[in-house]
Amino acid sequence: MAAFPEGKSEERKHKSIPNGSGASQGQWGRAWEVDWFSLASVLFLLTFSPLIVYYFIMSCDQYHCSLTDPVIDVLMGNSHLSDIWNKTPSLSWKAANIYICWVTFQVMLYILVPDFCHKFLPGYVGGVQEGALTPAGTVNKYEINGLQAWIITHALWFANAYYFHWFSPTIIFDNWIPLLWCANILGYSVSTFAMIKSYLFPSNPKDCKFTGNLFYDYMMGIEFNPRIGKWFDFKLFFNGRPGIVAWTLINLSYAAKQQELYGQVTNSMILVNVLQGIYVLDFFWNEAWYLKTIDICHDHFGWYLGWGDCVWLPYLYTLQGLYLVYHPVQLSTANAVGILLLGLVGYYIFRMTNHQKDLFRRTDGNCKIWGKKPEYIECSYTSVDGTKYYSKLMISGFWGVARHFNYTGDLMGSLAYCLTCGFGHILPYFYIIYMTILLTHRCIRDEHRCSSKYSKDWKRYTTAVPYRLIPGVF
Ligand code: NDP
């Protein structure tokens with residue numbers, strides 16, 4: 001969904017790391033001026049994203065996950081759009097109650113339960129952590145307790161499924177479309193509230209970005225870090241919970257539905273649960289690191305994040321599990337092992353590449369990468385106030401294989417999820433198609449930014465590491 005231009009500089013980010021120092025008050029984050037292409041993209045996404053989500057979920061509910069049958073049905077005159085709409089379950093009190101309880105519970109876990117995981121899990125960074133320097137020169141503090149929220153939520157889920165029996169573990173699947181309306185209500189409410197808040201009572205007025213274009217501001221956000229009180233940070237909460245905590249619960253609900261319908265859970269469903277479970281746990285284990293990624297350091301909070309985290313992520317990132325409820329694929333052992341290996345190797349590349357850069361930047365190159373001192377290209381850049389800064393681009397380890405090998409690992413993992421579903425339908429492959437577009441675009445816009453930042457030094461780097469994602473290909 002990140003289809004918009006970024007601003008020019010994030011030089012001050014280097015203030016917090018050893019290989020750069022000093023700060024400038026320059027342009028930052030996304031564009032200040034909205035060109036016609038950006039506006040057209042915004043209008044397109046605002047209009048079509050909700051329809052895309054509805055179409056995918058409706059296709060599973062009414063057409064066994066076929067994306068073409070609804071169109072054929074309507075074109076052949078067998079069905080009218082109104083028939084499809086009339087067959088769609090509407091908002092129910094039950095779903096509304098489930099959703100209110102769910103979001104309230106996550107809010108309580110986020111603001112009322114300080115992290116205790118970092119006290120006994122070696123290597124885990126939790127508790128109060130600092131984010132990156134904002135354009136206005138603020139460093140926000142965050143309570144990193146996502147792992148704990150995930151553990152408590154899932155412990156309760158299993159306790160309910162095996163002991164208390166308060167509700168059926170298929171509850172999410174059984175109310176999937178009514179819950180979609182609830183998620184939309186929250187997504188639109190929070191985005192609208194964030195917009196009004198940025199005019200009336202912004203958390204940090206100097207970090208607001210008004211482009212003057214209402215649609216662009218609504219979608220891409222005005223406030224950089226909207227907060228309520230000292231700790232309720234919209235970006236951290238909505239990015240991680242309820243969407244990503246829900247991701248693994250949704251998959252568990254799909255597995256429970258398979259069990260109910262067919263008396264067994266297929267190996268493909270187990271693979272989806274395991275591989276996506278690793279990805280989700282990785283996210284929460286590294287939640288403090290996540291504060292320094294493009295998502296948190298660049299994006300303002302608008303519909304793109306608010307609605308995206310409430311609706312797009314939980315509904316479209318979980319399509320494989322949903323598909324497997326309607327089409328229970330039992331993979332041969334060889335295929336299951338092959339997919340598991342692809343997913344694990346992809347995850348390993350994704351994690352190690354991110355780790356290598358983090359280590360390299362944290363230690364200013366005084367570390368070992370693959371057992372050796374890393375090689376790098378010395379580079380410099382000038383901030384808007386004319387100050388010269390120095391930085392380093394590593395060309396060792398995975399960063400010497402390709403310039404965005406972390407994205408390649410991510411894509412391998414994404415492909416593995418999709419392959420669990422076999423080749424009966426295109427719907428479960430949406431995820432790999434979407435991730436390929438998202439990460440290729442992200443890679444191009446990041447390189448555009450790095451090229452203007454490092455200029456001839458970036459050229460030296462791209463000569464040393466000529467490929468972006470796949471050596472010899474791209
Ligand atoms: P990266 O972690 O790849 O960071 C890019 C930045 O790293 C560049 O702007 C540059 O910043 C610095 N850099 C580039 N090359 C080098 C080098 N050789 N040595 C040292 N520093 C370098 O980008 P993201 O924040 O986009 O991604 C983080 C992770 O999140 C990725 O693994 C990605 O796959 C994942 N992701 C997942 C999504 C999902 O929906 N599942 C969505 C988006 C991302 P500088 O200016 O400091 O030099």
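The values are calculated or read from the model by the stated rules, or taken from the named source; none is laboratory data. Only a predicted model underlies this, so the values are computations on that prediction, with no experimental measurement involved. Every residue, glycine as well, gets a Cβ built from its backbone with ideal geometry; the counts of neighbours run over all protein chains shown. For accessibility, only protein heavy atoms count, side chains too; no ligands or nucleic acids. Shrake-Rupley method; radii C 1.70, N 1.55, O 1.52, S 1.80 Å.
Points to keep in mind about this one:
- Selection from region 95-114 of residues that are open to solvent by 50 Å² or more (accessible area, probe 1.4 Å) and β-branched (Val, Ile, Thr): Ile100, Thr104, Ile111
- The number of residues in region 412-429 being hydrophobic (A, V, I, L, M, F, W, C), open to solvent by less than 30 Å² (accessible area, probe 1.4 Å) and in a helix (DSSP H, G or I) comes to 3.
- Meets criteria (closer than 24 Å to Met352 by Cβ, among the charged types (D, E, K, R), within 13 Å of the ligand (Cβ to nearest atom) and part of a helix (DSSP H, G or I)) for Arg403: no
- Among the residues making up region 314-323, those that are in a helix (DSSP H, G or I) and under 13 Å from Leu249 (Cα atoms) are Pro314, Tyr315, Gly321, Leu322.
- For region 250-263, a tally of residues being of a type outside the set (Phe, Trp, Tyr) and open to solvent by 10 Å² or more (accessible area, probe 1.4 Å) returns 8.
- Thr318 out of contact with any Leu (no Cβ under 9 Å at 6 or more places or on another chain) and either within 10 Å of the ligand (Cβ to nearest atom) or among the basic types (Lys, Arg) (or both): no
- Qualifying residues in region 406-430 (those that are more than 9 Å from the ligand (Cβ to nearest atom) and aliphatic (A, V, I, L, M)) - the one nearest to Arg361 (Cα to Cα): Met412
- Subset of region 353-365 [of a type outside the set (Ser, Thr, Tyr) and more than 8 Å from the ligand (Cβ to nearest atom)]: His355, Gln356, Asp358, Leu359, Arg362, Asp364, Gly365
- Wholly within region 57-124, helices (runs of 4 or more DSSP H) carrying at least 3 residues that are without any contact (Cβ under 8 Å) to a residue 40 or more places away in the chain, aromatic (Phe, Trp, Tyr) and closer than 25 Å to Ile244 by Cβ: none
- Residue check for Phe350: away from the ligand (no atom under 12 Å from the Cβ), open to solvent by less than 40 Å² (accessible area, probe 1.4 Å), farther than 19 Å from Pro466 by Cβ and within 17 Å of the chain's Cα centre (by Cα): no
- Test: residue in region 317-338 that is open to solvent by 20 Å² or more (accessible area, probe 1.4 Å), of a type in the set (Phe, Trp, Tyr) and over 29 Å from Ala159 (Cα atoms): no
- Among the residues of this structure, Tyr279 does not count as one that is surrounded by fewer than 19 Cβ atoms within 10 Å (Cβ to Cβ), touching a residue at least 24 places away in the same chain (Cβ under 8 Å) and out of contact with any helix residue (DSSP H, G or I) (no Cβ under 6 Å at 6 or more places or on another chain).
- Evaluation of His441 against the conditions (1) under 17 Å from the mean Cα position of the chain (by Cα); (2) open to solvent by less than 20 Å² (accessible area, probe 1.4 Å) shows that the sole unmet condition is (2).
- Apart from one condition, Pro202 fits all of (1) buried (at least 18 other Cβ atoms within 10 Å of the Cβ); (2) of a type outside the set (A, V, I, L, M, F, W, C); (3) in a helix (DSSP H, G or I); the exception is (3).
- Selected residue (only one of Gly240, Gly302 is within 16 Å of the ligand (Cβ to nearest atom), open to solvent by less than 10 Å² (accessible area, probe 1.4 Å) and of a type in the set (Gly, Ala, Ser)): Gly240
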